[in-house]
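Visitor: Please see the structure below; I have some questions.
What follows is calculated from the coordinates using simple rules that are stated; it is not laboratory data. Treat the numbers as computed from the prediction; the structure is a model and nothing was measured. Virtual Cβ from ideal backbone geometry, glycine too; neighbours counted across all protein chains shown.
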């Protein structure tokens, strides 16, 4: 599998390279009132309005301020039977690499920090574990979810 690797906190994730459209420096993010913390903002990508997802929300990670390594990975995926473009906030984007399909294993039933239904598998690359998210299931479950905004809601920085 050819994949783009990115970091969230100390975890390495891999997204199939064929669905990655581009990688951007963080643009201005427009917050959406009463939107879920997972997809709480919109960005402008070459004149198109694109929802911005924060996988930290999905994986129970703390919010952190943007820094010089923060990037937006713009991907295309199928959502409710239609092609959709979405941005994903990443602490750092590493590279495009090959992950051997034989190295990809199922999600262990115990000891997992992440909801197993949102993980397609765990691969190995350069001696490290790489989490491969199940993008379709993540957005199916939480893509259109709306929730009242709260003062302690994770802020998209």
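Visitor: With a cut-off of 8 Å between alpha carbons and a minimum separation of six or more residues, what is the relative contact order of the chain in percent?
Guide: Details: 309 pairs, mean separation 45.6, N = 157.
In percent, rounded to a whole number, it is 29.
Visitor: Using C-alpha positions alone, give me the convex hull volume of region 7-56 per residue in cubic angstrom. If you can, show how the numbers build up before the last one.
Guide: Values: hull volume 5.0 nm³, N = 50.
Considering the Cα atoms of region 7-56, their hull volume per residue is 100 Å³.
Visitor: Taking R0 as 22 Å, what's the FRET efficiency between residue 92 and residue 140 from their Cβ-Cβ distance, rounded to 0.05?
Guide: Numbers: r = 27 Å, r/R0 = 1.23.
Calculated transfer efficiency: 0.25.
Visitor: Still on this model: In nm, what is the difference between 0.36 nm times the number of residues separating residue 128 and residue 22 and their Cα-Cα distance?
Guide: Working: separation 106, 0.36 × 106 = 38.16 nm, distance 2.47 nm.
Residue separation times 0.36 nm, minus the Cα-Cα distance, leaves 35.7 nm.
Visitor: Ok, one more. Counting DSSP beta bridges with both partners in the chain, what percentage is antiparallel, nearest 5?
Guide: Numbers: 39 of 42 bridges.
Expressed as a percentage, antiparallel bridges in the chain total about 95.
Visitor: Starting from 0.36 nm per residue, how many nanometres of slack lie between residue 82 and residue 104 once their C-alpha separation is accounted for? Numbers along the way, then the final one.
Guide: Numbers: separation 22, 0.36 × 22 = 7.92 nm, distance 2.78 nm.
Full extension from residue 82 to residue 104 adds 5.1 nm.
Visitor: Give me the distance in nm between label points sitting 7 Å out from Cα along the Cα-to-Cβ direction at residue 117 and residue 66, one decimal.
Guide: 3.2 nm
Visitor: Using only the Cα atoms of the chain, what are the Rg and Dmax in Å?
Guide: 15.1, 45
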